[in-house]
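Beneath this line is the structure, given in structure tokens, with notes to follow.
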Amino acid sequence: MSLIQLIAPSGYCVNQTAAAQGIQRLQKAGHQISNPQIITRRFQRFAGSDEQRLAEINALAQLSDETDIVLAVRGGYGASRLLAGIDFGLLGAALRARTPVICGHSDFTAIQAALLAQCGTITFSGPMLAGNFGAETLDEFTWYNFWHAVSTPRFTLRWECDASPLQTSGTVWGGNLAMICSLTGTPWLPAIEGGILVLEDINEHPFRVERMLLQLHHAGILARQKALILGSFNGATLSDYDDGYDFAAMCQLLQQRLTIPVLSGLPFGHELKTVTLPLGALGELVHDGKQASLTLSGHPVLSDVSRIESHF
């Protein structure tokens with residue numbers, strides 16, 4: 001089975017029980033867990049001081065050959081504070097020589113985007129220790145899709161959505177919408193041309209989602225993509241004041257404003273049920289008028305797939 005190294009570059013893990021349960025589940029599946037002591041580490045609202053969390057990211061350049069997976073404990077906030085101190089030169093050289101499976105989402109998107117922009121490193125936007133693997137009830141869909149993505153050189157995701165037929169391909173990138181927006185105009189936002197941008201977020205009202213997407217539109221980022229895929233945007237509360245303005249209405253406006261296709265409904269993001277996406281991989285997107293499919297390839301996979309066959 002795999003050796004999994006935990007990292008905590010963002011917020012303090014409030015739900016210690018969930019993190020412990022995540023470790024137990026992974027160990028029960030036969031995996032070894034490295035660096036579990038960071039779960040209890042705390043400075044203010046963060047999972048340790050900036051210096052501690054930055055050192056943890058830079059130390060990935062000296063990752064042992066035995067380490068298969070680098071897994072974020074949780075999101076929150078804090079990764080943005082580290083970007084200017086990350087040694088992308090040293091880290092990029094090490095990750096080009098051997099790229100482990102690096103996985104997380106939410107606030108971790110900032111580091112994932114920066115690694116793609118500065119080093120060309122493909123990471124996985126997917127489950128984290130506390131919120132997913134440590135959930136009260138482990139979602140089988142999430143569990144399967146994670147292990148399938150990190151062990152299969154080419155795999156396809158399919159989902160139902162309303163859209164016009166299309167067929168295109170490009171680099172899949174994105175992650176958390178708020179974090180991608182926060183990197184606009186910085187050297188840590190990937191300059192992807194002809195890509196497939198996949199975005200998700202949580203606790204953001206549709207008007208806030210619209211505002212962030214329009215920011216990317218006005219910055220010229222969306223026009224340079226071949227397609228926009230919207231994942232999960234849960235947690236927002238609508239009211240009578242919205243008067244029919246909801247996520248669907250927002251998507252309709254976007255499609256009217258944008259020159260690229262907008263697809264929604266991908267189970268991806270801050271949900272117990274989520275797919276795992278390799279950010280920076282090649283994506284082949286097809287919509288037949290009823291169903292969308294996204295085929296991904298070119299991403300790093302675990303070297304010994306036989307060790308995780310039990311996950312399927």
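The values are calculated or read from the model by the stated rules, or taken from the named source; none is laboratory data. Please read all numbers here as calculations on a predicted model, not as lab measurements. Neighbour counts run over all protein chains shown; Cβ positions are idealised from the backbone, glycine included.
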Of the residues T137, T152, T186, which single one is over 25 Å from S232 (Cβ atoms) and either over 15 Å from the mean Cα position of the chain (by Cα) or surrounded by fewer than 16 Cβ atoms within 10 Å (Cβ to Cβ) (or both)?
-> T186
Single match in A79, A93 (criterion: closer than 25 Å to L177 by Cβ and of a type in the set (G, A, S)) = A79
Matching residues in the stretch 67-81 - criterion: being under 14 Å from R42 (Cα atoms) and charged (D, E, K, R) | R74
Taking first residues from the stretch 26-49 that are free of Cβ contacts under 8 Å to residues at least 12 places away in the same chain and second residues anywhere that are aromatic (F, W, Y) and not in a loop (DSSP other than H, G, I, E, B), the pairs with Cβ under 8 Å that are 6 or more apart or on different chains are S49/F43
Confirm whether F146 is in contact (Cβ under 8 Å) with a residue 12 or more places away in the chain and more than 18 Å from F268 (Cβ to Cβ).
-> no
What single numbered condition from (1) part of a loop (DSSP other than H, G, I, E, B); (2) in contact with a strand residue (DSSP E or B) (Cβ under 9 Å, 6 or more places away or on another chain) fails to hold for L216?
-> (1)
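Check whether at least one residue in the stretch 169-183 is in a loop (DSSP other than H, G, I, E, B), crowded, with 17+ Cβ neighbours inside 10 Å and modelled with pLDDT of 95 or more, and report yes or no. Reasoning before the result, please.
We begin by selecting, within the stretch 169-183, every residue in a loop (DSSP other than H, G, I, E, B); these are 183.
Pick out the ones that are also crowded, with 17+ Cβ neighbours inside 10 Å and you get 183.
The next check asks that each one be modelled with pLDDT of 95 or more; those that pass are 183.
Yes; the residues of the stretch 169-183 include at least one that is in a loop (DSSP other than H, G, I, E, B), crowded, with 17+ Cβ neighbours inside 10 Å and modelled with pLDDT of 95 or more.
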Is one or more of the residues making up the stretch 75-93 crowded, with 24+ Cβ neighbours inside 10 Å, at pLDDT 95 or above, within 21 Å of S34 (Cβ to Cβ) and under 13 Å from the mean Cα position of the chain (by Cα)?
-> yes
Is it true that N176 is under 12 Å from the mean Cα position of the chain (by Cα) and closer than 30 Å to A249 by Cβ?
-> yes
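Can you name the residue in the stretch 247-268 that is among the polar types (S, T, N, Q) and without any contact (Cβ under 8 Å) to a residue 60 or more places away in the chain and, of all such residues, is surrounded by the most Cβ atoms within 10 Å (Cβ to Cβ)?
Here is the first cut: in the stretch 247-268, the residues among the polar types (S, T, N, Q) are 252, 255-256, 259, 264.
Narrowing the set further to residues that are without any contact (Cβ under 8 Å) to a residue 60 or more places away in the chain leaves 252, 255-256, 259.
Values: Q252: 12, Q255: 17, Q256: 8, T259: 9.
So the residue we want is Q255.
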Among the listed residues G194, G231, which satisfies the condition of being in the same structural domain as L266 (by TED's automatic domain parsing), closer than 26 Å to T295 by Cβ, in contact (Cβ under 8 Å) with a residue 12 or more places away in the chain and surrounded by fewer than 15 Cβ atoms within 10 Å (Cβ to Cβ)?
-> G194
Inspect all residues belonging to the stretch 298-305 and state whether any of them is part of a loop (DSSP other than H, G, I, E, B), surrounded by fewer than 21 Cβ atoms within 10 Å (Cβ to Cβ), hydrophobic (A, V, I, L, M, F, W, C) and in contact with a strand residue (DSSP E or B) (Cβ under 8 Å, 6 or more places away or on another chain).
-> yes
Could you please give the count of residues in the stretch 96-117 that are surrounded by fewer than 24 Cβ atoms within 10 Å (Cβ to Cβ) and closer than 17 Å to G195 by Cβ?
-> 2
